[in-house]
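Chemist: Got a structure here, written out as structure tokens. Questions coming.
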Amino acid sequence: LKQEMEMLKSLKHPMLPAVYDFFLETKRYLVMEYIRGESLHNYIEREGAIPEKQACEWALQLLNLFSYLHGQKPPVIYRDLKPDNIIVCPDGNLRVVDFGTAYHVRYDSRAAYLAGTAGYAAPEQIAGGLGGADERSDIYGLGATLYHMLTGNNPSKPPYLMQPIRFFNG
């Protein structure tokens, strides 16, 4: 827990909440900045599919964040990008929350396996044995999130298929 807290406290990026403290009672608690807004998931539920131009702007914001995280020494792999973990702020920008599955890359660690959400997690991330999660796994999650934005179709819901985007919008 202390290592996780130190990792989170060391990360400084406009899309990340500030982490102030942590403590352990019967459960672990992080004291973090309050982020005003609504989850991207709820935003999509309310508004429907995101227009292409807006989705591209948000994808670029998320790529900027991943560039920062993956550029850390050692790299930080987020592992659970999905609309539920993205906040759409009143100013229209995004913030990413819930770093419970994030970790510093240690290539000899089994921590790289078995984290994430079905439909958003890369196959190698959830299948074990295929090398585990790395930077490419976060990009896969971004692709699934972008798909959800553009189609309004949640890839974590049955039948767990990603139809071509033209299926939803010619």
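The values are calculated or read from the model by the stated rules, or taken from the named source; none is laboratory data. Predicted model only: the values in this text are computed from it and were never measured. Don't worry about glycine lacking a Cβ; one is built from the backbone with ideal geometry, like all the others, and counts go over all protein chains shown. Calculation scope for accessible area: heavy atoms of the full protein, side chains included, ligands and nucleic acids excluded. Shrake-Rupley method; radii C 1.70, N 1.55, O 1.52, S 1.80 Å.
Chemist: Among rounded, prolate and oblate, which fits region 1-73 when a ≥ b ≥ c are the square roots of the eigenvalues of its C-alpha gyration tensor, a/c under 1.5 means rounded, and a/b larger than b/c means prolate?
Modeler: oblate
Chemist: Here's something else I'd like to know. Using +1 on the beta carbon of Lys and Arg, -1 on that of Asp and Glu, and nothing else charged, what's the dipole of region 24-91 about the Cα centre, debye to 20?
Modeler: For region 24-91, the charge dipole is close to 340 debye.
Chemist: Can you list the HN-Hα couplings for region 74-91, worked out from phi with the Karplus curve (6.51, -1.76, 1.60; θ = phi - 60°), rounded to whole Hz and with x for Gly and Pro?
Modeler: Ordered by residue, 3J(HN,Hα) equals x, x, 9, 9, 6, 6, 9, 6, 6, x, 5, 9, 10, 9, 8, 7, x, 7 Hz.
Chemist: Let me ask something else. Could you please put Val97, Val76 in sequence from largest to smallest accessible area, using a 1.4 Å probe?
Modeler: Listed by decreasing accessible area, they come as Val97, Val76.
Chemist: Then there's this: Placing unit charges on C-beta atoms (Lys and Arg positive, Asp and Glu negative, everything else neutral), compute the dipole magnitude of the chain about its Cα centre in debye, rounded to 20.
Modeler: Here the chain has a charge dipole of around 160 debye.
Chemist: Which GluC sites (Glu not before Pro) from region 1-107 combine a DSSP loop assignment with at most 12 other Cβ atoms within 10 Å?
Modeler: Those that pass, being in a loop and sparsely packed, are Glu25, Glu33.
Chemist: Whose amide H sits under 5 Å from the amide H of Glu38, counting only residues 5 or more places off or on another chain, with H placed in the peptide plane?
Modeler: Val88
Chemist: Still on this structure: Rounded if a/c is under 1.5, else prolate if a/b is larger than b/c, else oblate: which is the chain, with a ≥ b ≥ c the root eigenvalues of its Cα gyration tensor?
Modeler: Taking the square roots of the gyration eigenvalues as a ≥ b ≥ c, the chain is oblate.
Chemist: Here's something else I'd like to know. Full-extension gain between Glu38 and Asp98, please, as 0.36 nm times their residue separation minus the C-alpha to C-alpha distance.
Modeler: 20.2 nm
Chemist: Something else about it: Can you give the accessible area per residue of region 1-106, in Å², using a 1.4 Å probe?
Modeler: Result: 56 Å² of accessible area for each residue.
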